[in-house]
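The values are calculated or read from the model by the stated rules, or taken from the named source; none is laboratory data. Since this is a predicted model, take the numbers as computed values, not measurements. Glycine gets a Cβ as well: all are built from the backbone with ideal geometry, and neighbour counts include every protein chain shown.
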Amino acid sequence: MFLPITLASAAAAAFINIWLSVRIGMIRTAKKISVGDGGDEDLVRRMRAQANFIENTPIVLVLIGVIEAARAGNPWLMGVAAVYALGRVAHGVGMDGGPLGFGRTVGTLITMLTQIGLAVWAITIALDM
């Protein structure tokens, strides 16, 4: 079975994860912190942004995959996946604080709404079968 939305979503997630990792590495290099967080708030924020991504993304990808398997070709699913990816980027940037700190709130809200929406969608599919 070919699941193009799931494939595209997983690829986007991989790129976002790499981007989050690189952002951590930039602070580690600049501040010469090899292991742990060194008590540096900037590093802690970036590490938490990536950890939060890793905590939420697997369930979203699973839900996208099972919904696509049950209802192939649904354009709404691609839209939800795209909004989720943008929300995770906003969250990552927002975790740095400053004037773009609102991105954290936006990203968190998008993540929660995505999970709720996909979970309800999955339940309705299960009940319809």
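If I filter region 22-39 for residues that are outside any helix (DSSP H, G or I), over 13 Å from Ala81 (Cβ atoms) and charged (D, E, K, R), do I get at least one hit? Among the residues of region 22-39, at least one is outside any helix (DSSP H, G or I), over 13 Å from Ala81 (Cβ atoms) and charged (D, E, K, R), which makes the answer yes. Residues that are farther than 23 Å from Thr105 by Cα and either of a type outside the set (A, V, I, L, M, F, W, C) or in contact with a helix residue (DSSP H, G or I) (Cβ under 6 Å, 6 or more places away or on another chain) (or both) within region 11-26 comprise just one, Gly25. Quick one: Asp40 ticks every box in (1) at pLDDT 95 or above; (2) among the acidic types (Asp, Glu); (3) more than 12 Å from the chain's Cα centre (by Cα) bar one, so which box is it? Asp40 satisfies every listed condition except (1).
Contact annotation: residue pairs with Cβ atoms under 6 Å, 6 or more positions apart or on different chains, pairing a residue in region 62-85 that is aromatic (Phe, Trp, Tyr) with a partner that is in a helix (DSSP H, G or I), are Tyr84/Val60; Tyr84/Thr114.
State whether one or more residues within region 88-106 are touching a residue at least 40 places away in the same chain (Cβ under 8 Å), out of contact with any Pro (no Cβ under 9 Å at 6 or more places or on another chain), within 20 Å of Ala13 (Cα to Cα) and of a type in the set (S, T, N, Q). So far as region 88-106 goes, no, none of its residues is touching a residue at least 40 places away in the same chain (Cβ under 8 Å), out of contact with any Pro (no Cβ under 9 Å at 6 or more places or on another chain), within 20 Å of Ala13 (Cα to Cα) and of a type in the set (S, T, N, Q). Applying the set (1) at pLDDT 95 or above; (2) surrounded by fewer than 19 Cβ atoms within 10 Å (Cβ to Cβ); (3) more than 23 Å from Arg23 (Cα to Cα) to Leu77 leaves exactly one unmet item: (2). Checked against (1) modelled with pLDDT of 95 or more; (2) crowded, with 17+ Cβ neighbours inside 10 Å, Ile59 meets all criteria but (2).
The single condition among (1) loosely packed, with under 15 Cβ neighbours inside 10 Å; (2) of a type in the set (Val, Ile, Thr); (3) touching a helix residue (DSSP H, G or I) at 6+ places or on another chain (Cβ under 8 Å) that Thr124 does not meet is (3). Listed by first and then second residue, the pairs linking a residue in region 5-16 that is closer than 13 Å to Pro58 by Cα to a residue that is hydroxyl-bearing (Ser, Thr, Tyr), with Cβ atoms under 7 Å apart and 6 or more places separating them unless they lie on different chains, are Ala13/Thr57. For the condition touching a Phe, Trp or Tyr at 6+ places or on another chain (Cβ under 9 Å) and not in a helix (DSSP H, G or I), Ala72 qualifies. Scoring Gly98 on the criteria (1) modelled with pLDDT of 95 or more; (2) out of contact with any helix residue (DSSP H, G or I) (no Cβ under 9 Å at 6 or more places or on another chain); (3) not aliphatic (A, V, I, L, M) leaves a single failure, condition (1).
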